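Data block below; observations after.
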Amino acid sequence: MREVNDIYFVTGNRHKFEEASEIFSRYGLSLNWVNVDVEEIQNDSLIDVIIWKGYEISKILSDKLFIVEDTGLFIKGLNGFPGVYSSYVYKSIGCKGILRLMEGIDDRSAYFLSYGLLYLKDNVFKVFRVKVDGYISYEERGVHGFGFDPIFIPKGSDKTYAEMSLSLKNDFSHRGKLFNRIAKYILSRRLVE
Ligand code: ITT
């Protein structure tokens with residue numbers, strides 16, 4: 001049996017780790033941050049990417065209860081772009097580039113899609129999927145968070161993610177909902193004590 005502090009989140013992104021940790025702390029669980037360099041495959045499906053990542057990381061952390069997560073922003077007026085290319089697109093054209101591409105597009109609907117993989121043991125894992133609908137703003141707003149936060153307004157709010165504190169973003173966000181589900185699963189299956 002593993003201890004409550006024996007759960008690992010494998011990510012290169014400090015913000016993702018901080019958001020996930022805040023959710024886990026609501027359940028009395030804590031997360032350890034591990035940054036393992038895995039060769040990223042370019043694939044048009046997030047689920048294939050997450051399973052690949054989980055498999056590759058299990059070769060290194062096979063005895064650990066670990067989580068990996070893969071997320072994309074899908075914009076309706078851009079036919080789902082940047083989607084699985086979110087990381088590359090953020091680094092290359094950023095929020096400003098997205099706003100430029102959307103000039104003249106009235107349908108601002110978009111969603112964040114997140115997959116999380118919880119690796120249990122011996123190639124046994126559980127995959128979680130969360131989708132959060134929202135809109136792309138007309139300008140960048142807010143200073144918190146990271147990535148596309150300044151231009152994404154989740155349904156039910158008039159603020160962008162970047163105008164929210166970390167904890168408020170977690171109440172609305174794809175990652176907040178994803179890690180809530182993972183934490184509940186860990187506790188209901190008594191995977192830690
Ligand atoms: P990993 O090491 O965990 O893969 P990453 O930053 O590459 O970290 P993802 O592949 O999950 O994360 O996400 C792809 C991109 O989508 C990421 O670089 C951000 O630009 C954007 N993104 C993901 N989650 C986001 C969030 O909560 N808010 C804003 N943008 C986000």
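The values are calculated or read from the model by the stated rules, or taken from the named source; none is laboratory data. Fair warning: this is a prediction, and the values are worked out from it, not measured in the lab. In this analysis, Cβ positions are derived from the backbone assuming ideal geometry, glycine residues included, and neighbour counts consider all displayed protein chains.
Against the conditions (1) surrounded by 14 or more Cβ atoms within 10 Å (Cβ to Cβ); (2) within 21 Å of Gly72 (Cα to Cα), Gly156 satisfies every one except (1).
Scanning region 1-22 for residues that are under 16 Å from Leu191 (Cα atoms) and in a helix (DSSP H, G or I) yields no hits at all. For region 164-189, which positions are within 14 Å of the ligand (Cβ to nearest atom), under 28 Å from Leu120 (Cβ atoms) and of a type in the set (Ser, Thr, Tyr)? Matches in region 164-189: Ser173 only.
Reported count of residues in region 140-163, each being out of contact with any Pro (no Cβ under 6 Å at 6 or more places or on another chain) and within 11 Å of the ligand (Cβ to nearest atom), is 11. For Asp158, indicate whether it is of a type in the set (D, E, K, R), at pLDDT 95 or above, over 18 Å from Ile50 (Cβ atoms) and part of a helix (DSSP H, G or I). So Asp158 fails the test.
If you check Ser86, Ser58 for being among the polar types (S, T, N, Q) and closer than 30 Å to Glu139 by Cα, only one passes: Ser86.
Considering region 23-51, the residues that are among the aromatic types (Phe, Trp, Tyr) and within 16 Å of the chain's Cα centre (by Cα) include one that is surrounded by the fewest Cβ atoms within 10 Å (Cβ to Cβ), namely Trp33. For the criterion of being more than 17 Å from Leu78 (Cα to Cα), in contact with a Lys or Arg (Cβ under 7 Å, 6 or more places away or on another chain) and hydrophobic (A, V, I, L, M, F, W, C), Val124 fails.
If you go through region 1-22 and pick out every residue that is basic (Lys, Arg), within 14 Å of the ligand (Cβ to nearest atom) and surrounded by 13 or more Cβ atoms within 10 Å (Cβ to Cβ), you end up with 1. Scanning region 93-109 for residues that are touching a residue at least 40 places away in the same chain (Cβ under 8 Å) and either in contact with a strand residue (DSSP E or B) (Cβ under 6 Å, 6 or more places away or on another chain) or within 15 Å of Gly80 (Cα to Cα) (or both) yields Ile98, Leu99. Considering region 23-135, the qualifying helices (runs of 4 or more DSSP H), each wholly inside and each with 1 or more residues that are farther than 30 Å from Ser165 by Cβ and within 14 Å of the ligand (Cβ to nearest atom), run over 46-61.
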